[in-house]
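Quick notes on the structure that follows.
Read the figures in this text as sums done on the coordinates, not as results from a lab. Owing to the predicted nature of the structure, the values given are computational and were not obtained by experimental measurement. Don't worry about glycine lacking a Cβ; one is built from the backbone with ideal geometry, like all the others, and counts go over all protein chains shown.
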Amino acid sequence: MAETTFPNATQVLEPFRGIKRVTMEEYFTSGHRTCQGCESALVMKLMVKAAGPRTIVLGSTGCMYVANTTYYTTPWVVPWMHTQLGSSGSAALGTAAGLKSLMRKGKMKAEPINVIAFCGDGGGADMGIGAISATLTHKEYNSLILLYDNESYANTDIQLSGMTPYGAHTTFSPPGKAKRIIHTRWKKNMAGMMAAGHPECRYVATVCASFAVDMMNKVRRALTIGGPTFIHSLDPCPKGWDYDPMLSHELGELAIETGVFPLYEVEDGQVKYYGKTKSIVEGRPRKPVREYLLKQGRFAHFTEEDLAYFQAKVDEMWQWEIPAVVPFRRLDRAKAALEVK
Amino acid sequence: MAAFTAEIVYRGIFQKNLAARIVRGIVLSARKSGRWGIAFGRYGDSPQRNGIPAKDFAIVADTKEELEQNMARYEPKHVDVTICVDDTLAKGVESWAWYGLQPLNRLIVPGGTLLITSLQPYGDILRDIHRKDTPFTMALIRARASFSGLWVYKEDHTEVRILGALAKIVPAFLSLDAVCQAVSEMEWGSDLKVASARKAYDRLESREIEAGEGNPETPYSFELPRWWEMREGVSIPAIPLGKPKEGGKGYVPERNPYFKKFSTRTMRPVIDFDTCVKCNLCWISCPDSCFDVMPDGTFDANMESCCGCGVCEAVCPVEKCITMVNESVFDDNASQWDAWRQDKDAYRTWMIDKISNTQATVRSHGFRFRGQYEEELKSELDAGGQAITAGIPGENAQHKTV
């Protein structure tokens, strides 16, 4: 396995040992036109706080582009550039390759620079998925693609995306009298798909900013392991999910505690669960999904039947061979192989 | 031959559906009065964000030709009536970077009207509203600001109460009968709402505001870059790194100097520095990085960048260490930590006065659970609030029907 040694050195970023040891410096600061209680803005702040000053950030179109750069102004302290809706993967790869080339030619000082490209669920999971997938196969370039998932095209006033949960009220799926549930598709499993489909991508993780230290440490791991990496962040959105902005943090916690969203990382093929998700995998009870769903106006039309369906689908997720990661079942040989490890 | 223009100044998303109903109601009431009307939102406010001020406009004219003449504008420069549905907007309106703070009454023509929903006395509102060099009328509807979200609407009759009040303010364009007819025919109308519109018409209070009366402060503005000063490739300088607060301790981040969040805020955190356990949770959880780290390890919410979401209060583990209080009870954006450091007893008195104000600590900023809005309306009425109608509305609250 000679290929697994990567020619590009990465920065040394030790995990933060607790909230008191987190660096005070802000690299994404105040003065952005985001909603009250915007969890995605918090993701940006924590992402670059973890990455540090020698970082280039690329952002595809979405709230975190439009809201953060109103007219010729910026809240970014590190260099940031806009890239088109579907091109976060290409931008990450191109920037990493460009930096490497400039350094090889001696046109710029050789040093490890973090390259992070972020995309929303529309830009990443719908439009940009092909480019992200391609980037995750280029193991000689270090980059991190962070998908901030607020489960709709929130910037343009909440159209449904491939990441919108079943039955949610969006501009494209308003519940009606004749038909209550308009959006009948189940949400894509982005992190699992990226981990399962890119054997040479060394690190894929899911995060939620309500668990800030865990989130920052996963960003640090993704930036230091070498090669392309992928992080999926679930971001409660007060605008599109329709809830009091004060509840942003609480809804992030509830998503994990009800088992709707798992927190895990896949490092070199090894799955590690985190926190509440870990205790759920170990068999401790999940909170019922209704505690999470009924706090949001986008599910206000749900009946008991809809809640039961949603609960059953979430229950199913925890029966997967690798619970909540990839939807495979009853592969005895694969199971045996896992047990050997 | 005449036309009238109204603007609705409202909180983005929280009041988007409310404002849309009001301007639609104006146009339909105008039709019932035999006139023509049009309603539109301000293009520059889109995409809207929770809490960030936005505007809708409605124009009513006697003839179609006159309406077309008034429509041939990107955005009205003068309005006959400014309708404001949240009194914390009296402090000013800042929609984007580069706007600076725009006084709420800026577009009102001499002798025009500012119609505002508020529970405050005139004097308190005038402390916030910037002075104008022409007189205008301030009309009050006694109501709390009605906030909901995109999908579930708070059916507290605010929209029809505004329409009823307008019939009193501009009877030449909207008669009360026309408003009532329009309300009863609209998909979100009802007999209860017609009664509410009539009540608002009867109860409307108003007062003449003299030229020069009001908040004497000059609204802050920015020196905008000239086009020849802009850099190649539309690149802009990054924000510099922050600095320690004082004596090498603490941390104060640099911030975007062209977009502040004074006018996004509907509530602000009031902090008890004596009970703070320095757990860092408010600081790390703030999406707007508004907390400056003080040399003693406590955190001061910087009022230039706090947008008032309340996440800090939600994550704070100490009871009443952070309390969100309605923006209307504050007169400035001064540092709370500085005040606390200067005189701890005076600060405690000030703080207790703010956080024990039960009117100002009421929170209704959108959906929390099904049936919440109906409960809120009922408890408001039970507490001796302004009766809307004889009944508690709520049948329509399940779905948006704009």
Set the Förster distance to 30 Å, then compute FRET efficiency between B:MET71 and B:ASP332 from the Cβ-Cβ distance, nearest 0.05.
-> 0.15
Grab the DSSP H runs of chain B that are 4 residues or longer, score each as -39,500 (n - 2.57), total them, divide by all residues and round the 222 nm result to the nearest 500 deg cm²/dmol.
-> -7500 deg cm²/dmol
5 angstrom amide H check on B:MET267, placed H, neighbours 5+ away = B:GLU327
Kirkwood hydrodynamic radius over Cα pairs of chain B, then Stokes diffusion coefficient at 10 °C and 1.306 mPa s, in µm²/s | 70
Among rounded, prolate and oblate, which fits the protein assembly as shown when a ≥ b ≥ c are the square roots of the eigenvalues of its C-alpha gyration tensor, a/c under 1.5 means rounded, and a/b larger than b/c means prolate?
-> prolate
Hull-based mean projected area of the stretch A:2-340, where the convex hull spans the alpha carbons, in square nanometres | 18.2
Top of A:ILE19, A:ILE132, A:ILE56 by mean-square fluctuation, Gaussian network on chain A, Cα under 10 Å = A:ILE19
In the Gaussian network model of chain B, springs joining C-alpha atoms below 10 Å, which of B:PHE173, B:PHE57, B:PHE330 carries the largest mean-square fluctuation?
-> B:PHE330
Counting partner chain Cβ atoms within 10 Å of every residue's Cβ in B:314-321, what's the average?
-> 2
Extension reserve of the A:TYR72-A:PHE172 stretch, reckoned as 0.36 nm per residue once the Cα distance is removed | 32.8 nm
Scalar couplings 3J(HN,Hα) for the stretch A:61-78 by Karplus 6.51 cos²θ - 1.76 cosθ + 1.60 (θ = phi - 60°), nearest whole Hz, x for Gly and Pro, are 4, x, 3, 6, 8, 5, 6, 8, 10, 7, 6, 6, 10, 8, x, 7, 9, 8
Enumerate the residues in the stretch B:284-320 having an amide nitrogen under 18 Å from the point lying 7 Å beyond the Cα of B:LYS344 toward its Cβ.
-> B:294-300
How far apart, in nm, are two points set 7 Å out from the Cα along the Cα-to-Cβ line at B:VAL362 and at A:GLU140?
-> 6.7
Please give the FRET efficiency for A:ARG180 paired with B:ASP124, using the beta carbon to beta carbon distance and R0 = 35 Å, rounded to the nearest 0.05.
-> 0.15
Only bridges with both residues in the protein assembly as shown count here: give the DSSP antiparallel percent, nearest 5.
-> 50
Gaussian network model of chain B, springs between alpha carbon atoms under 10 Å - residue of B:ALA197, B:ALA145, B:ALA72 with greatest fluctuation = B:ALA72
For chain B, the longest principal axis of the Cα atoms and the Cα long axis of helix B:344-355 enclose an angle in degrees, to the nearest 10, of 30
Round to the nearest 10 and give me the degree value, 0 to 90, for the angle of helix B:16-32's Cα axis relative to the longest principal axis of chain B.
-> 20
Relative contact order [Cα under 8 Å, 6+ residues apart], the stretch B:239-355, whole percent | 29
Dipole of the stretch A:11-84, Cα-centred, from +1 at each Lys and Arg C-beta and -1 at each Asp and Glu C-beta, to the nearest 20 debye?
-> 160
Residue by residue through the stretch B:109-126, which ³J(HN,Hα) values in whole Hz follow from phi under the Karplus form 6.51 cos²θ - 1.76 cosθ + 1.60 (θ = phi - 60°), with glycine and proline marked x?
-> 6, x, x, x, 10, 10, 9, 9, 8, 6, 9, 7, x, 3, x, 5, 5, 5
For A:THR83, list long-range residues whose amide hydrogen, built 1.01 Å from N in the peptide plane, is under 5 Å from its own amide hydrogen.
-> A:GLY59, A:SER60, A:THR61
Mind checking the dipole of the protein assembly as shown: about its Cα centre, +1 per Lys or Arg Cβ, -1 per Asp or Glu Cβ, Debye to the nearest 20?
-> 1680
Report, in deg cm²/dmol and to the nearest 500, the calculated mean residue ellipticity at 222 nm for chain A, where each DSSP H run with n ≥ 4 adds -39500 (n - 2.57) and the sum is divided by the residue count.
-> -9000 deg cm²/dmol
Roughly how tilted is helix A:248-257, in degrees to the nearest 10 and between 0 and 90, from the longest Cα axis of chain A?
-> 80
For the stretch B:1-145, share of DSSP beta bridges that run antiparallel, in % to the nearest 5 = 50
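What average number of partner chain Cβ atoms lie no more than 10 Å from the Cβ of the residues making up B:303-311?
6
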Normalised by the residues of chain A, what does the relative contact order come to in percent, with Cα pairs under 8 Å and at least six apart?
-> 17
Taking a crude spin-label model, label points 7 Å out from Cα along the C-beta direction, the A:MET103 to A:ALA9 distance in nm is 0.9
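By per-residue mean of other Cβ atoms within 10 Å, what is the highest-first order of B:73-80, B:152-159, B:12-19, B:188-195?
B:12-19, B:152-159, B:188-195, B:73-80
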Nearest-0.05 FRET efficiency for B:ASP274 and A:GLU111, computed from C-beta distance (R0 41 Å) = 0.35
DSSP bridge orientation in chain A - percent antiparallel, rounded to nearest 5 | 30
Measuring from label point to label point, each 7 Å out along Cα→Cβ, what is the B:SER235 to A:TYR309 span in nm?
-> 5.2
Over chain B, calculate the relative contact order: mean separation of alpha carbon pairs under 8 Å at least 6 apart, over the residue count, as a percent.
-> 17
